[in-house]
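One structure is given here, and the rest of the page talks about it.
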Amino acid sequence: MKSPRMSGHAGARRAVQAIAAAGVLTLAAAGLPAVAAGSTLDTAAAESNRYFGTAIAVSRLSSDSTYSTIAAREFNMVTAENEMKMDATEPNQGQFNYSSGDRLVSWARQNGMQVRGHALAWHSQQPGWMQNMSGTALRNAMLNHVTQVATHFKGQIYAWDVVNEAFADGSSGARRDSNLQRTGNDWIEAAFRAARAADPNAKLCYNDYNTDNWNHAKTQAVYNMVKDFKARGVPIDCVGFQAHFNSGNPVPSNYHTTLQNFADLGVDVQITELDIEGSGSSQADQYKGVIQACMAVSRCTGVTVWGVRDSDSWRASGTPLLFDSYGNKKAAYTSVLGQLNSGQGVRATPGGISTDPTDPTDPTDPTDPTDPGQGTTSCSATYSEGQKWNDRFNGTVTIRNTGTAAISSWTSNVIVQYPQRIIATWNGSPTWPDQYRMVMRPQGNGYLAPGASTSFGFTVQHGGNWTWPSVNCTVG
């Protein structure tokens, strides 16, 4: 990953945000300042250790001050809209052009942002020379492209969309018939292995659209591929959900279920190209539902909207973004900001999405009259790495009730190794028996129903030792 370069007010704001990657900190050895509720999308998302990003067209950064001002103020993750795709980076075979991609990375660094790379291998936007290839020649050319591009940006990219849109729409659950697919069914796996070899520290993602509804064949097909990859050790770290919605394709009531089921495979889930056609309260409610679903899944690590203002969108006539064409904040913006600052997610229920904390169908509600309160009690702790910088890294521990009865509280030990030290924490109440062990307990109500989970996070100053901390969980 990268160490952001800070400058001016935005740099100072993001310096605190980078260390915390969350809202109000429990101060450890560093004596760091607390961060209030976020007034921008990025700072609000950071309260729950998530990022909030946007797609950027590099050509607009110098020609449109409203565009660049909003982008720098509101987001801490950027995705190249077109500048890192295959036709842009290798217009002629073996001749690479990184100028626009490099410019985006430089701008992001100057503004304390990280970069999602999009996309290394895709059936669309291939350069003409590649479109005319097939078989072994195409396979080798694709792998060389992945290797060369990922190597060039090595250490500068938070996550790569390694393969984009490789599954067909409809009810077949089949792979898309493309020139890449015709090189052999293992082409996706080969691309991921090449990307890992070229840039070992970047997160590697599969990205697609129309995979939001858990019941759809396309969703199931992608799920089965990821499950297979994880079982066989194919390097995949995350799944991207493009999330292009409109009145004919609204946010599904089982959206949280989709995100959670993928996360349970051991991958991060990211909303990568969010836009929702519409206006007013209807659009605002749809956006709120997406944010709620993400915040209910501890491994939903961030949200990216596909463009800054409505006029910048590929669906401009549908006014699908958070800012209108003049750069004014829309009702959807206010809804998203409020939901991010609430620190609360929402779970799927048999009747759809519920935001009521006393909903008797809510499996994590301590007032649930259907909870028998009997059975075995146990819990597990799972560590997942977060953002990294030259001198520190973030980690998240997910605590899950693995028993058959509800638990009222839990305790987790986090042990780091010399010369590491934990300098900040969030979403929990820590104590420090010694300098290498932190004991974390819930901040407030520690109730967890069977199967339910919660999470806390921390920042480790590593002193050159990148070893993951060891974690555990005990009930009570």
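Here are the numbers for the structure shown:
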read-out	value
Computed label-point distance, nm, for sites residue 314 and residue 328 using a 7 Å Cα→Cβ extension	2.8
Distant-in-sequence amide H partners of residue 269 (H built 1.01 Å from N, under 5 Å)	239, 300, 301
Part-to-part distance (alpha-carbon centres) for the stretch 450-472 and the stretch 380-423, which is given in Å	3
Sequence of 342, 281 when ordered by accessible area, the most exposed leading, probe 1.4 angstrom	281, 342
Carbon and sulfur %, accessible surface of the chain computed with the full protein complex present, 1.4 Å	48
Rg(Cα)/(2.2 N^0.38 Å) for the stretch 379-475, N = residue count	1.07
Expected 222 nm ellipticity per residue - DSSP helices of 4 or more, -39500 (n - 2.57), all of the chain, to 500	-8500 deg cm²/dmol
Calculated FRET value between residue 246 and residue 182, using beta carbons and R₀ = 41 Å, to 0.05	0.80
Probe 1.4 Å, protein heavy atoms only - accessible area per residue of the stretch 41-342 in square angstrom	33
Residue 227 - accessible surface, heavy atoms, 1.4 Å probe, Å² rounded to 10	110
Net length gained if the chain between residue 106 and residue 468 were fully extended (0.36 nm per residue, minus Cα distance)	127.4 nm
5 angstrom amide H check on residue 51, placed H, neighbours 5+ away	302, 303
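The values are calculated or read from the model by the stated rules, or taken from the named source; none is laboratory data. Note that the coordinates shown come from a computational prediction; the quantities given were computed from them, not determined experimentally. Quick reminder, even Gly has a Cβ in these numbers, built from the backbone with ideal geometry, and neighbours come from all protein chains shown. Ligands, DNA and RNA are excluded from the accessible area calculation, which covers all protein heavy atoms including side chains. Shrake-Rupley method; radii C 1.70, N 1.55, O 1.52, S 1.80 Å.
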